[in-house]
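K.L.:
Take this structure, written in structure tokens, and hold onto it; I'll ask about it next.
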Amino acid sequence: MPQAAKTARDVPSLPWLIILCGGLIAALTFGPRSAMGFFQLPMLADKGWDRTTFGLAMAFQNLAWGLGTPFFGALADRFGTWRVLALSGVMYATGLAVMANAESAMGLHIGGGVLVGLGIASGSFGIVLAAFARNVAPERRSLAFGIGTAAGSAGMFIFAPLSQGLIDAYGWYDSLLVMSAMMLILPVLAIPLRGNSSSGSQRQTDIAQTAGEALREAVGHRSYLLLVSGFFVCGFQVAFITAHFPAYIADIGIQARYAVIALALIGFFNIIGSLASGVIGQRYSKPMFLVWIYIGRSIVVTAFLVLPQTPASVIVFAVVMGLLWLSTVPPTNALVAIMFGTRHLGMLGGLVFLSHQIGSFLGVWLGGYLYDLFGSYDPVWWLGVALGLFAAVVHWPIREAPVARPALAAAE
């Protein structure tokens, strides 16, 4: 048999039905939340709230997303992915409906904040990618993670113009109700992803651990803690831009349609960046790849702030930032799987993502708070630049290797 044919035969195939449905779920859960910034100005105009109020609701959303992810990840690991994803559809739909009908800031915070956040958490990348990991061979896992992340990016690309178009045609209220109804398809899409940590096509070679044992092992592992601290920065940067970029564009005197174009371009080029990240992470050092991603973000934001800000510069910023947007997700999740295996990947990946969402909370909230305080978003932009450099330093010493388990080695 020719060597090329033998090599092609030895490469394991991907479970395309699982990846397709998981990708659609990622697109649906990531899409509406990435378009929340378009609802800020019309809602505030009708309700009389300030930007701090809206920013706090989005901050609660990101915090609930982060706090809920390891919890729902542990539930999916134990009781099955389908149940958790079905719950996601119900909570997400309810949260958007409550947000639409909010008569007070509290209603906005509960609906658009907590309920939507929990809906995203129970249908998040961590839940979907853990299901991928159980059904994809290790040598193809980074690529599968890239495809799943790219699908979430496609949700951003689709929902940016869709949301603005719905708002222009029907108003912000009816637009939220339309997106609420769309979330009810999640339980159907989740059927191929059913199963828990004990199922899947990949033979379970991980040691038998309780969730508590896995958690204690992770928090005592230096590289894991560095990964957790670095992912905080990713959340800070992307959540601030998602929630406040449309308002920022209006503030600097650029037509609102460029905000729509920019977020759509971020979503589109995020697809390319996520797919490329999956391929690069399969071949090269994941920690060093993450170092360069964070350095790249700081350079891009700095250039955007110091150079003349025009419609053209907004588009260039969106394209380059899109390539770097969620390219952190495939190598980050792959590193967790390498360090600890897949048995508790939903929970441990969820804890990394909790750090991401704490950063998101601060990025969104500080964006609104500091704007109301200083009348400018510039302090948060520059803080994001500094944090990007911090993240690059933190990822440098991470070791891409399984955690040492001397007791297990002795037993064998």
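K.L.:
What is the residue count in region 8-46 for residues that are open to solvent by 20 Å² or more (accessible area, probe 1.4 Å) and among the β-branched types (Val, Ile, Thr)?
P.N.:
So the count comes out to 2.
K.L.:
Which condition number does Trp49 fail, the rest of (1) closer than 24 Å to Leu362 by Cβ; (2) open to solvent by less than 50 Å² (accessible area, probe 1.4 Å); (3) assigned to a helix (DSSP H, G or I) being met?
P.N.:
It is condition (3) that Trp49 fails.
K.L.:
Which pairs do you get when a residue that is touching a residue at least 12 places away in the same chain (Cβ under 8 Å) and more than 23 Å from Ala26 (Cα to Cα), found in region 107-119, comes within reach of a residue that is open to solvent by less than 10 Å² (accessible area, probe 1.4 Å) and in a helix (DSSP H, G or I), reach meaning Cβ atoms under 7 angstrom, with the pair 6+ apart or on two chains?
P.N.:
Leu108/Ala57; Leu108/Met99; His109/Ala57
K.L.:
Here are some residues: Leu227, Leu176. Which one is under 14 Å from Ala337 (Cα atoms), open to solvent by less than 20 Å² (accessible area, probe 1.4 Å), under 23 Å from the mean Cα position of the chain (by Cα) and modelled with pLDDT of 85 or more? Quick ask: steps written out before the conclusion?
P.N.:
Numbers: Leu176 fails: under 14 Å from Ala337 (Cα atoms).
After ruling out the rest, the residue left standing is Leu227.
K.L.:
Collect the residues in region 270-310 that are open to solvent by less than 30 Å² (accessible area, probe 1.4 Å), at pLDDT below 90 and more than 19 Å from Ala154 (Cβ to Cβ), keeping them in residue-number order.
P.N.:
Gly281
K.L.:
Is one or more of the residues making up region 152-161 in contact with a Pro (Cβ under 9 Å, 6 or more places away or on another chain) and in a helix (DSSP H, G or I)? Quick ask: steps written out before the conclusion?
P.N.:
Step one: of region 152-161, the residues in contact with a Pro (Cβ under 9 Å, 6 or more places away or on another chain) are 155, 159.
Restricting the remaining residues to those that are in a helix (DSSP H, G or I) gives 155, 159.
For region 152-161, residues in contact with a Pro (Cβ under 9 Å, 6 or more places away or on another chain) and in a helix (DSSP H, G or I): present.
K.L.:
Of the residues that make up region 352-364, is at least one of a type in the set (Ser, Thr, Tyr), closer than 22 Å to Gly117 by Cβ and in a helix (DSSP H, G or I)?
P.N.:
Within region 352-364 (the criterion being of a type in the set (Ser, Thr, Tyr), closer than 22 Å to Gly117 by Cβ and in a helix (DSSP H, G or I)), the answer is yes, since at least one residue qualifies.
Yes/no per residue for (1) at pLDDT 90 or above; (2) surrounded by fewer than 24 Cβ atoms within 10 Å (Cβ to Cβ); (3) of a type outside the set (Lys, Arg):
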{"position": "Gly80", "(1), (2), (3)": "no, yes, yes"}
{"position": "Val98", "(1), (2), (3)": "yes, yes, yes"}
{"position": "Gly123", "(1), (2), (3)": "no, no, yes"}
{"position": "Met156", "(1), (2), (3)": "no, no, yes"}
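K.L.:
On to the next question. Check Gly341, Gly367 and return the single one that is modelled with pLDDT under 90, farther than 18 Å from Ala144 by Cβ and not β-branched (Val, Ile, Thr). Break it down into steps so the answer makes sense when it comes.
P.N.:
Numbers: Gly341 fails: farther than 18 Å from Ala144 by Cβ.
Answer to the selection: Gly367.
K.L.:
So, in region 322-351, how many residues would count as being assigned to a helix (DSSP H, G or I) and either more than 15 Å from the chain's Cα centre (by Cα) or under 24 Å from Leu85 (Cα atoms) (or both)?
P.N.:
Result for region 322-351: 19.
K.L.:
Still on this structure: How many residues does region 43-64 contain that are within 14 Å of the chain's Cα centre (by Cα) and at pLDDT below 85? Give the derivation first.
P.N.:
Of all residues in region 43-64, those within 14 Å of the chain's Cα centre (by Cα) come to 61-64.
If we keep only those that are at pLDDT below 85 too, we end up with 62-63.
Residues flagged as within 14 Å of the chain's Cα centre (by Cα) and at pLDDT below 85 within region 43-64 amount to 2.
K.L.:
Something else now. Given the conditions (1) closer than 18 Å to Ala35 by Cβ; (2) part of a loop (DSSP other than H, G, I, E, B), which single one is not true for Ser88?
P.N.:
Every listed condition holds for Ser88 apart from (2).
K.L.:
Just wondering, is there one or more residues in region 203-212 that are modelled with pLDDT under 90, more than 30 Å from Leu370 (Cβ to Cβ), in contact with a helix residue (DSSP H, G or I) (Cβ under 7 Å, 6 or more places away or on another chain) and open to solvent by 10 Å² or more (accessible area, probe 1.4 Å)? So that I can check it myself, show each step before the final result.
P.N.:
Kept after step one, since they are modelled with pLDDT under 90, are these residues of region 203-212: 203-212.
Narrowing the set further to residues that are more than 30 Å from Leu370 (Cβ to Cβ) leaves 203-212.
Okay, now just the ones that are also in contact with a helix residue (DSSP H, G or I) (Cβ under 7 Å, 6 or more places away or on another chain), so 207, 211.
Remaining after also requiring open to solvent by 10 Å² or more (accessible area, probe 1.4 Å): 207, 211.
Checked against the condition, which is being modelled with pLDDT under 90, more than 30 Å from Leu370 (Cβ to Cβ), in contact with a helix residue (DSSP H, G or I) (Cβ under 7 Å, 6 or more places away or on another chain) and open to solvent by 10 Å² or more (accessible area, probe 1.4 Å), region 203-212 yields at least one hit.
K.L.:
Next question, about the same structure. Just to be sure before I move on: is Ala259 part of a helix (DSSP H, G or I) and surrounded by 24 or more Cβ atoms within 10 Å (Cβ to Cβ) in the structure I sent? Working first, answer last.
P.N.:
Values: part of a helix (DSSP H, G or I): yes; surrounded by 24 or more Cβ atoms within 10 Å (Cβ to Cβ): no.
In short, no.
K.L.:
Being within 23 Å of Leu20 (Cα to Cα) and open to solvent by 10 Å² or more (accessible area, probe 1.4 Å) narrows it down to one residue among Leu129, Leu166, Leu162; which is it? I'd like the intermediate steps shown before the answer.
P.N.:
Numbers: Leu129 fails: open to solvent by 10 Å² or more (accessible area, probe 1.4 Å); Leu166 fails: within 23 Å of Leu20 (Cα to Cα).
Every option except Leu162 fails the conditions.
K.L.:
Out of region 344-377, which residues are surrounded by fewer than 24 Cβ atoms within 10 Å (Cβ to Cβ) and farther than 16 Å from Leu63 by Cα?
P.N.:
Tyr369, Leu370, Tyr371, Asp372, Leu373, Phe374, Gly375, Ser376, Tyr377
The values are calculated or read from the model by the stated rules, or taken from the named source; none is laboratory data. None of these values were measured; they are calculated from a predicted model. When we count neighbours, we look across all protein chains shown, and the Cβ atoms used for this are built from the backbone with ideal geometry, even at glycine. Protein only, heavy atoms only, side chains kept; ligands, DNA and RNA dropped before computing areas. Shrake-Rupley method; radii C 1.70, N 1.55, O 1.52, S 1.80 Å.
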